[in-house]
1. Which chymotrypsin sites (Phe, Trp or Tyr not before Pro) in the stretch 1-95 sit in a loop by DSSP (not H, G, I, E or B) and have at most 11 other Cβ atoms within 10 Å of their own Cβ?
2. Just need the relative contact order of the chain here, percent rounded to a whole number, with Cα pairs under 8 Å and 6+ apart.
3. Residue 33's amide H: which non-local residues (gap 5+, or another chain) put their own amide H closer than 5 Å, with H modeled 1.01 Å from N in plane and none for Pro or chain starts?
4. Taking the Cα atoms of the chain, what is the range of coordinates along each of the three principal axes, in descending order and whole Å?
5. Please give the charge dipole size of the chain, origin at the Cα centre, charges +1 on K and R Cβ atoms and -1 on D and E Cβ atoms. Round to the nearest 20 debye.
6. For the stretch 1-57, state the average projected area of the convex hull of the C-alpha atoms over all orientations, rounded to one decimal in nm².
7. With runs of 4+ DSSP H residues as the only contributors, calculate the mean residue ellipticity of the chain at 222 nm using -39,500 (n - 2.57) per run, divided by the residue total and rounded to the nearest 500.
8. Please give the length that would be gained between residue 116 and residue 30 if that part of the chain were fully extended, namely 0.36 nm times their separation in residues minus their C-alpha to C-alpha distance (nm, one decimal).
Amino acid sequence: MKTLNIIYWSGTGNTEMMAEGIKKGAEAKDIKVNLVRAEEAELNHVIEADLVAFGCPSMGAEVLEESAMEPFIDSLNGNNINKPTVLFGSYDWGDGEWMRNWEERMSEYGSNIICEPLILQNTPDDTGLSECEALGAKIASC
Ligand SMILES: Cc1cc2nc3c(=O)[nH]c(=O)nc-3n(C[C@H](O)[C@H](O)[C@H](O)COP(=O)(O)O)c2cc1C
C-alpha cells in the first residue's frame, strides 16, 4: 500500500479542512494517509513517503507561514524530493501570488508537482471540499 504524507500548517483551520478532504479522497483509493502538522514535520516525512502533499495558507504578505512552514520548506532544498507532489492552501484577499511563488520554488527544489495547486478562499464550502477529495484521488493514482 502506498503512503501519502500530507504536511500542512493551518492557523484557523481552513487549510486543515482541505488536508482532511485530500485525505478522504486518497483513502477512498486505498492509500495510507498521514496528516503531519508543520510544527512536527521532518525531512523523513517526505523522504519515506511515496506521495506528498504540502498545504499552507497565504500569510504575512503573500508568503508561507514563517515560524514552522517556511523553515521546513527551506529544509527540502538540495534533498531528494522528486516524488509525486501536490500543493494546496487557503487565502483571503490576495490573488494567489503566494502559491505561484511557492510552486515555482518547489520546482526549483526538484519537486515533482503533478498538477495545478488547489487554492480556496477562506473556509472550504462543499464544492471546495469536493475539489480537495478529487485532488486526493488524483495523487493517489500516481
Ligand atoms: C497574519 C495573516 C496574514 C495573511 N496574509 C494574507 C495574504 O497576504 N494574502 C491573502 O490572500 N490572505 C492572507 N491572509 C488570510 C489567510 O490566508 C486566510 O485567512 C486563510 O483562510 C487562513 O487559513 P488557515 O485557516 O488554514 O490558517 C492572512 C491571514 C493572516 C492571519
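1. Listed in order of number, the matching sites are 93.
2. 32
3. Correct list: 4.
4. Result, largest extent first: 39, 38, 25 Å.
5. The dipole of the chain has a size of about 600 debye.
6. Averaged projected hull area, Cα only: 3.5 nm².
7. Rounded to the nearest 500, it is -11500 deg cm²/dmol.
8. Result: 28.7 nm gained on full extension.
The values are calculated or read from the model by the stated rules, or taken from the named source; none is laboratory data. This one's a predicted model, so the numbers in the text were calculated from it and none came from an experiment. Here Cβ is always computed from backbone atoms with ideal geometry, including for glycine, and neighbour counts include all displayed protein chains. Ligands, DNA and RNA are excluded from the accessible area calculation, which covers all protein heavy atoms including side chains. Shrake-Rupley method; radii C 1.70, N 1.55, O 1.52, S 1.80 Å.
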